[in-house]
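What follows is a set of notes on a single structure, which appears directly below.
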Amino acid sequence: MRKFTFLAGLALGYVLGTRAGRERYEQLRRTAKDLSQTSAVQSATRGAKQAAGTAASKAADAVVGRVGDRLPDSLTERVPYLRDRAGVGAADDWGSSTR
């Protein structure tokens with residue numbers, strides 16, 4: 001994580017510090033946008049989203065399996081996954097309701 005932060009700071013410093021300034025920034029932005037639109041990157045993004053969703057679901061199942069009924073109602077009512085699992089259908093304090 002530190003290496004990524006350093007590299008991001010280095011890239012930002014390069015972009016902001018170049019003599020070309022705005023033109024170079026726009027060129028880099030266009031290149032990044034074009035790259036993000038490629039099918040390979042789109043496919044990798046979809047795969048990463050699916051993997052993250054699967055991992056989050058497994059983690060939620062593990063937490064619920066371990067603590068189960070010991071979760072306070074205030075938490076169960078606010079977390080959609082837990083609310084759906086418990087069958088609670090009322091709106092929460094934020095004004096949202098189940099599907």
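Each value in this text was obtained by applying a stated rule to the coordinates, not by laboratory testing. Bear in mind the structure is a predicted one, so any value in this text is a computation, not a measurement. Virtual Cβ from ideal backbone geometry, glycine too; neighbours counted across all protein chains shown.
At 7 Å along Cα-to-Cβ for each site, give me the label-to-label distance between T76 and R46 in nm.
Placing both labels 7 Å beyond Cα along the Cβ direction yields 3.8 nm.
Straight-line reach from K49: which lysines have Cα under 17 Å away, leaving out those fewer than 8 places along the same chain?
K58
Under 12 Å from the Cβ of A52, count the other residues' Cβ atoms, weight Lys and Arg +1, Asp and Glu -1, and hand me the total. The partial results should precede the final answer.
Numbers: positive: R46, K49, K58; negative: none.
Within the 12 Å Cβ shell, the charges total +3.
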